[in-house]
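The values are calculated or read from the model by the stated rules, or taken from the named source; none is laboratory data. Predicted model only: the values in this text are computed from it and were never measured. Cβ: placed from backbone, ideal geometry, glycine included. Neighbour counts: every protein chain shown.
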């Protein structure tokens, strides 16, 4: 019987601690901007949390929060059913909040029901404020659809045709291509097939000839190439009488786009009879055409990276770690809420409500402090290991696994993973994600450990200095790396070349007569 009771208590404790542990892990994983949002949200949701400012009342000390450090024991009957306990807690909060709303409604009923007639000046002030707010709002960037619709205002056509043109415009995607309803752009879709598919969704019968005429109007709009059904048509629409090497371009676009992609210039030369120099000039002119004419109207959201940690070099040549969280909201639990909870005459429901909120706030503050401590220790261990990276450059990065850092800091490897997830560090060498410092490696010919990042950098250097008239094959790259002391397999070279977006030797070849 005693054993059963002990096991029940352990199960109960594990169950109650779970939310605290989950919260701590969530806080650790948050980058600095997300942490700020989380704190601001908690400030709105938890009335016992206060924002620390100069002149504020004294915050609750460690002694005041001792009784809130551990959760109160739940009834044994409820401990066996976590869902039941959760429902009871949730209901308690809702009932308490509902009671508070009722009290507010009764106390302020007259004020809520009283109608106030604003003065003329007040109306004017409100209008000015709204006008200023609207004037300062960022305007929505013009979309491709807006731009094309504006141009239709200068086109005078039969109402039926204009209706069909506007309908077709709704099927022009963000890149400027005509697409099937609900489908993505297919660069190789036949024109007639695409138009017939779109015509089926028009609200009245329409012939393929009418569709062709409507599309022809759209394809004369700006930007050049808009309304194309495939890549070939998009490029051809951009050719004008003033386009250099126009006829050569037309031949290349209509018959040799795949050969150009694989740099098969001798094949083009053999099939067209054109001189190699002319083909190269045509390809150079082709690069000035836009395969995505509508992309310029796509609003790209610029992602700003805010570092969580700064690594600074001291005069002695060491590196110091500094968390960049000084500007995050500084929160505390006001002592007056502790006093309200300890008031013996307080309503039991109010005391229970305060206890949960104080406990939740206490856990949050502890989780934030734990995040700072863990992030500092993990970052310091990483920087100590990767000193060569900071002293000499990224090519001197050392192989490093998260388990190594976990062993040094004496935490679980998942804690290290959460600590470095989506975190950025500002170093004298630049801004890097913390995950950048981790990676496997291999042994050099002399038996030394070398990171794969170093191999990649060496691969880039070799290809940058190769003879472009006779570029190195992957097998040649394997031999070159081996000569410099980095024995790697051919499949590894091919893998990293593709990861670095380096074309094959054939595609890198520069043809000359």
Fill in the blank from the handout: When restricted to 403, 386, the only residue loosely packed, with under 15 Cβ neighbours inside 10 Å and over 30 Å from residue 39 (Cβ atoms) is 403
Problem - Output for segment 341-355, where each listed residue is closer than 14 Å to residue 49 by Cα and surrounded by fewer than 19 Cβ atoms within 10 Å (Cβ to Cβ) - result: 355
Handout entry: Number of the exception - residue 204 against (1) in a helix (DSSP H, G or I); (2) out of contact with any helix residue (DSSP H, G or I) (no Cβ under 6 Å at 6 or more places or on another chain)
Key = (1)
Exercise for the section: Taking the residues in segment 480-505 that are surrounded by 15 or more Cβ atoms within 10 Å (Cβ to Cβ) and part of a helix (DSSP H, G or I) as candidates, determine which candidate is modelled with the lowest pLDDT. Expected result: 496
Problem - Matching residues, segment 209-256, being part of a helix (DSSP H, G or I), farther than 21 Å from residue 283 by Cα and out of contact with any strand residue (DSSP E or B) (no Cβ under 9 Å at 6 or more places or on another chain) - result: 209, 210, 211, 212, 213, 214, 216, 217
Practice task
Identify the single condition in (1) modelled with pLDDT under 85; (2) crowded, with 17+ Cβ neighbours inside 10 Å; (3) farther than 30 Å from residue 412 by Cα that residue 46 does not satisfy, given that it satisfies every other one.
Solution key: (1)
Handout entry: Evaluation of residue 377 against (1) under 25 Å from the mean Cα position of the chain (by Cα); (2) surrounded by fewer than 20 Cβ atoms within 10 Å (Cβ to Cβ) (one fails), failing number
Key = (1)
Fill in the blank from the handout: Within segment 247-299, the residues that are under 21 Å from residue 222 (Cβ atoms), surrounded by 14 or more Cβ atoms within 10 Å (Cβ to Cβ) and without any contact (Cβ under 8 Å) to a residue 60 or more places away in the chain are 249, 253, 285, 286
Handout entry: Residue that is modelled with the lowest pLDDT, among those in segment 135-169 that are surrounded by 11 or more Cβ atoms within 10 Å (Cβ to Cβ) and part of a loop (DSSP other than H, G, I, E, B)
Key = 142
Problem - Extreme residue, modelled with the lowest pLDDT, among residues of segment 426-467 that are part of a loop (DSSP other than H, G, I, E, B) and surrounded by 12 or more Cβ atoms within 10 Å (Cβ to Cβ) - result: 444
